[in-house]
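Chemist: Structure below; questions to follow.
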Amino acid sequence: MRKLLMALALGSIALPAAGQNVKSGIEAWQKGDTAGAVAIWRPLAEKGDPDAAFNLGQAYRLGKGVPLDLAQAQDWLERAARKGHVDAQATLGLLLFQNGNRVTGMRWLKSAAEAGEARALLIVGTALYNGDGVQADPVTAYAYVSRAAAQGLAPAQATLADMDAAMPLDQRQKGIALAQSMVAKKPAAPSPPAKVATAKPAVPKPSAPKPAPAKPAAAPAAPAKPVVAARGKWRIQLGAFGQRKSAEALFGKLSGKLAGRQAYYVPAGAVVRLQVGPFESRAAATSACAKLAPQPCFPVGGP
C-alpha cells in the first residue's frame, strides 16, 4: 500500500482541538473543508468511534480530504462495520461486490439487510431471486425487495414490478407475509448516528430485476461516440428484467454513454440480463461502469 504523505502531513499539523466530535467534522465537510473534517475524524476513528471510521472510509472512497484509496476506504469501513454500523456494512458490501469480491461483499450486505437497510435488502433479494451465489429462494427474495420498496427506494419499486410480472401470485403472497413477519420481529431502530452526507456507492446489479440506487434522474445523455472495432471478452451487466422491452428501454436510455458498444440480451430463467460490450479488459469494463454511476453495473466475462 502506498504511503499517504499528504494525509500524514495533514495529521501532523491539523490535530483536532479538544471537544471536537464527529458532528464537528461533518460541519467542516459541509463547508468544503474536507481536509479539516478528516483531521477531526481520524483520531476519533483510531480510538474506535464507528461513525468517525465510517466517515473516514467515505473520505478515502471519494478521494476528498485525502488521496483516493479504496484499500484505506475498505479498512475504515470494515472497522465501523464490525461494530455494527449498518451504513458501513452496506457500503462496504457494495464496494466489495462491485470490485469483484462478491462472497465477502454479500456477507456484509446480508448483515445490513437483516438490520433493514434498503440497498442491502434490494441486492440480497435480487441475488436470492436469481440464485446468484446463493440458493435461489423467490419467496424470501420477494420479501426482501418488497421491504426495500416499502422504504421508498425507487429502484426496489421498479424491481418489485418486474418480479410481479414474473412470479406467480401464491409466491408473492407468501413473500408479503414473510416480509410482514420480518418487520414484526425487527427491534425498533436506534436514532441515526452522526455521519457525513457523502454519496453512497452505486448499487451493483447481481443479475436480478432492475436494482439501482435511489438518486435523482440523471441529465440527458450526450450523443454516442463511435468506437472503432471494439474487441474483447469482457462485458458490463446493467441489470436483469422480467421483460426484454424493459432491458431495451434501459439500453436506449444509457446508449449515449456507452461509446457505441452493443447490447446483449441474455436469457436467464425467467429474466433477461442486459449486458453491453465488448471491452478488451476487466479494467476497461470497470472504467465504463464508473462512467455510468449511479446506474448499477459490474464487469462480467464474455463467452
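The values are calculated or read from the model by the stated rules, or taken from the named source; none is laboratory data. Here the structure is a predicted model, which means the values were calculated and not measured. Reconstructed Cβ throughout: ideal geometry from the backbone, glycine too, with neighbour counts over all protein chains shown.
Chemist: Return yes when residue 102 is modelled with pLDDT under 90, closer than 15 Å to residue 296 by Cα and among the charged types (D, E, K, R) and no when it is not. Write out each step before concluding.
Modeler: On the way: modelled with pLDDT under 90: yes; closer than 15 Å to residue 296 by Cα: yes; among the charged types (D, E, K, R): yes.
So residue 102 passes the test.
Chemist: Restricted to segment 74-127, and to residues that are among the acidic types (Asp, Glu) and closer than 24 Å to residue 163 by Cα, which residue is nearest to the chain's Cα centre (by Cα)? Outline the logic, then answer.
Modeler: Step one: filter segment 74-127 for residues among the acidic types (Asp, Glu), giving 75, 78, 87, 114, 117.
Filter again for closer than 24 Å to residue 163 by Cα, leaving 114, 117.
Numbers: 114: 16, 117: 12 Å.
Taking the candidates together, the pick is 117.
Chemist: Please work out which one of (1) outside any helix (DSSP H, G or I); (2) at pLDDT 90 or above is the condition residue 198 fails and give its number.
Modeler: Just one mismatch for residue 198, condition (2).
Chemist: Inside segment 18-51, can you point out the residues that are among the basic types (Lys, Arg) and within 18 Å of residue 83 (Cα to Cα)?
Modeler: Residues satisfying the conditions are 42, 47.
Chemist: Now for a separate question. Restricting attention to segment 264-303, report how many residues are farther than 20 Å from residue 119 by Cα and part of a loop (DSSP other than H, G, I, E, B).
Modeler: Qualifying residue count, segment 264-303: 6.
Chemist: Being surrounded by 24 or more Cβ atoms within 10 Å (Cβ to Cβ) and β-branched (Val, Ile, Thr) is the filter here; which residues of segment 25-42 pass it?
Modeler: At the first step, the residues of segment 25-42 found to be surrounded by 24 or more Cβ atoms within 10 Å (Cβ to Cβ) are 25, 29, 37-38, 40-42.
38, 40, listed by residue number.
Chemist: Can you find even one residue in segment 140-158 that is of a type in the set (A, V, I, L, M), over 20 Å from residue 273 (Cβ atoms) and over 20 Å from the mean Cα position of the chain (by Cα)? Talk me through it step by step, then tell me what you get.
Modeler: To start, the set of residues in segment 140-158 that are of a type in the set (A, V, I, L, M) comprises 141, 143, 145, 148-150, 153-154, 156, 158.
Narrowing the set further to residues that are over 20 Å from residue 273 (Cβ atoms) leaves 143, 148-150, 153-154.
Adding the requirement that they be over 20 Å from the mean Cα position of the chain (by Cα) leaves none.
No, because not a single residue in segment 140-158 is of a type in the set (A, V, I, L, M), over 20 Å from residue 273 (Cβ atoms) and over 20 Å from the mean Cα position of the chain (by Cα).
Chemist: Would you kindly identify the helices (runs of 4 or more DSSP H) lying entirely within segment 28-139 that contain at least 2 residues that are under 25 Å from residue 289 (Cβ atoms)? Let's see the steps before the verdict.
Modeler: Numbers: elements: 34-46, 50-62, 70-82, 86-98, 102-114, 118-130.
Correct list: 50-62, 70-82, 86-98, 102-114, 118-130.
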